[in-house]
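Read the structure below first, then the notes.
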Amino acid sequence: MARVLLIAYEGKEKESGKVFDRVEEEEPYPVILGEDSLIPGLAEALENMKEGEEQEIELPPEKAFGERKKELVVIIPEKEFRKRGVVPVPGLVIEADGRSGKILSVSGGRVQVDFNHELAGKTVVYRVKVLAELKKPEEVAEALFRRFMRSKLEKVSFKDGVLEVVYTPGNTSDKNVQKLLYVASVLKAVPEVKEVRITERYVRKDQGES
């Protein structure tokens, strides 16, 4: 089974001290080492950390979010935005060709967009703690459920290669996509799981309930 860790962390820019990401110990984040798309330096550090260990890690751009690339700052005709009903203004974050970019300027019918990651070219510092290393398929399935699904987990069981998950669906429009991501992650993390059976549970509300 892949190493699956529950971690809490805080990431901040070294120069400004600005915190850009935080995960509290009360709601830890499950990571599958070797599978999750962690930044390189953080992935390397976690490979060598054990349960209960805490570290502060300083990461240069090449081990964090990469160097800034001039070719990722592009000019797009303003009319292309108008066609899509978008009014381009500086600071607006847009999606184009599967990438996120920030509008830097709008002038003379031309829009300058920066598709670099907002932390590209910056040294960052992470304070990370490994709260637990999950050993059992049920533990991994439960932790990954909390990561991907916005629903109430009722039951998780594992026997003879079959993982059974029962949950009450929440109010989310993308539950099918999230379910597929969840199942794919479980299968990557736990080779012992040969089949995943997911049951959605619906309960009739009493007439007196609102």
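Only one of these is part of a strand (DSSP E or B) and not assigned by TED's automatic domain parsing to the domain that holds T199: V156, V166, V130. Name it.
Values: V156 fails: not assigned by TED's automatic domain parsing to the domain that holds T199; V166 fails: not assigned by TED's automatic domain parsing to the domain that holds T199.
Checking each option against the conditions leaves just V130.
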With the checklist (1) among the β-branched types (V, I, T); (2) over 30 Å from E80 (Cβ atoms); (3) at pLDDT below 95; (4) outside any strand (DSSP E or B) in hand, flag the one item V177 doesn't pass. (2)
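Just need a number here: residues in the stretch 76-99 that are among the aliphatic types (A, V, I, L, M) and surrounded by 12 or more Cβ atoms within 10 Å (Cβ to Cβ). Quick ask: steps written out before the conclusion?
Taking the stretch 76-99 as the starting set, the residues that turn out to be among the aliphatic types (A, V, I, L, M) are 76, 86-87, 89, 92-94, 96.
If we keep only those that are surrounded by 12 or more Cβ atoms within 10 Å (Cβ to Cβ) as well, we get 76, 86, 92, 94, 96.
Here the count works out to 5.
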Is it true that E51 is outside the structural domain of L6 (by TED's automatic domain parsing) and not in a strand (DSSP E or B)? no
Being part of a loop (DSSP other than H, G, I, E, B) and not acidic (D, E) is the filter here; which residues of the stretch 3-38 pass it? R3, K14, S16, G17, K18, P28, L33, G34, S37, L38
Taking the stretch 46-75 and keeping residues hydrophobic (A, V, I, L, M, F, W, C), surrounded by fewer than 17 Cβ atoms within 10 Å (Cβ to Cβ) and in contact (Cβ under 8 Å) with a residue 40 or more places away in the chain leaves L72, V73, V74
Does the stretch 77-95 contain at least one residue that is under 30 Å from R146 (Cα atoms), modelled with pLDDT under 95 and not β-branched (V, I, T)? yes
Does the stretch 151-168 contain at least one residue that is surrounded by 14 or more Cβ atoms within 10 Å (Cβ to Cβ) and either of a type in the set (D, E) or on the phi > 0 side of the Ramachandran plot (or both)? yes
Take R147 and tell me if it is touching a strand residue (DSSP E or B) at 6+ places or on another chain (Cβ under 9 Å), touching a residue at least 24 places away in the same chain (Cβ under 8 Å) and over 22 Å from R201 (Cα atoms). no
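Those residues that are assigned to a loop (DSSP other than H, G, I, E, B) and modelled with pLDDT under 95, I need them from the stretch 193-210; list them, please.
In the first step, residues of the stretch 193-210 are kept if they are assigned to a loop (DSSP other than H, G, I, E, B); the result is 193-194, 201-210.
Selection gives R201, Y202, V203, R204, K205, D206, Q207, G208, E209, S210.
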Unmet criterion (only one of (1) within 24 Å of S16 (Cα to Cα); (2) touching a residue at least 24 places away in the same chain (Cβ under 8 Å); (3) small (G, A, S)) for A141: (1)
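The values are calculated or read from the model by the stated rules, or taken from the named source; none is laboratory data. Computed from a predicted model, the values in this text were never measured in an experiment. Don't worry about glycine lacking a Cβ; one is built from the backbone with ideal geometry, like all the others, and counts go over all protein chains shown.
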